[in-house]
Amino acid sequence: MIETAGSDFSHPYQISVSQDLSYTFTVSQMNDVMQNQMNLLPAMAHTLQIKVVAALANSSIPLSSDSIQYTATPYVVPPKVQPPASGTLYIVGSAVGSWDNPIAEANVSSQQFTQISSTEYKITVKLVGDGEYKFIESNGSWTNQWSVATEQPSGDPTTLGTDLVFNGGNIRAPQAGGTYLIDVDFQKGKFSLTQ
């Protein structure tokens, strides 16, 4: 278990190992855990704690080691999916009322994401249940677009978020239409929806 110091392992990142007596992280694996699993900021020192919890296969009471504290600094890595070079991102599709591209002037502001960082974009938007959509970089161009590898079937849990790909299939909106916060994170290569 790995957690930031002082968190008392209330929300640790866990690695399950079966029958191994040791486990080794590469530097890049540890960096990925710190940035993409623990959401720690890069280029900043973070105090972490780690401990081992072991149990026998017969579901006996687990035993826990003492924790070890150390300092680690995640380094900046390229995003898993290349973000829009322009710094703009829009949503288009039947889930937001129309596949029109360019987006009608009256709808541009309601379909444009807010850039949170160089790799993260958010928008709160009303989605039509089971509609389809994509993310595009430039209003009026289909050249750079992001979505899913293959469109999900109706009701699939991945309609609430999954891996992001460049120029993939249409994204299926959740069956339950309504207002959603969509978070597109190019660093992690994922997007998520929260109603």
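The values are calculated or read from the model by the stated rules, or taken from the named source; none is laboratory data. The structure presented is a predicted model; accordingly, all values stated were derived computationally and were not measured. Note that each Cβ is placed from the backbone with ideal geometry, even for glycine, and that neighbours are counted across all protein chains shown. Accessible surface is based on the protein model in full, side chains and every heavy atom, while ligands, DNA and RNA are left aside. Shrake-Rupley method; radii C 1.70, N 1.55, O 1.52, S 1.80 Å.
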(message) If I ask for residues that are open to solvent by 90 Å² or more (accessible area, probe 1.4 Å) and either farther than 18 Å from THR4 by Cβ or in contact with a helix residue (DSSP H, G or I) (Cβ under 6 Å, 6 or more places away or on another chain) (or both), which ones from the range 23-39 would you list?
(response) TYR23, THR24, VAL27
(message) I'd like to check something: does the range 169-190 contain any residue that is open to solvent by 40 Å² or more (accessible area, probe 1.4 Å), farther than 24 Å from SER86 by Cβ, of a type in the set (S, T, N, Q) and at pLDDT 95 or above?
(response) yes
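Check every one of the strands (runs of 3 or more DSSP E) wholly within the range 124-195 and list those with 3 or more residues that are within 19 Å of GLY97 (Cα to Cα). Steps first, please.
On the way: elements: 132-136, 145-147, 161-163, 178-185, 190-194.
Strands (runs of 3 or more DSSP E) meeting the threshold: 132-136, 145-147, 178-185.
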(request) Looking for whichever is out of contact with any strand residue (DSSP E or B) (no Cβ under 6 Å at 6 or more places or on another chain), closer than 30 Å to LYS134 by Cα, open to solvent by less than 60 Å² (accessible area, probe 1.4 Å) and of a type outside the set (Gly, Ala, Ser) here; the options are PRO42, PRO78. Which one fits? (result) PRO42
(message) Would you confirm, using the coordinates I've provided, whether LEU63 is of a type in the set (A, V, I, L, M, F, W, C), open to solvent by 70 Å² or more (accessible area, probe 1.4 Å) and modelled with pLDDT under 80?
(response) no
(message) Could you check the range 22-46 and list, in sequence order, the residues that are under 17 Å from PRO79 (Cβ atoms) and touching a Ser or Thr at 6+ places or on another chain (Cβ under 6 Å)?
(response) none
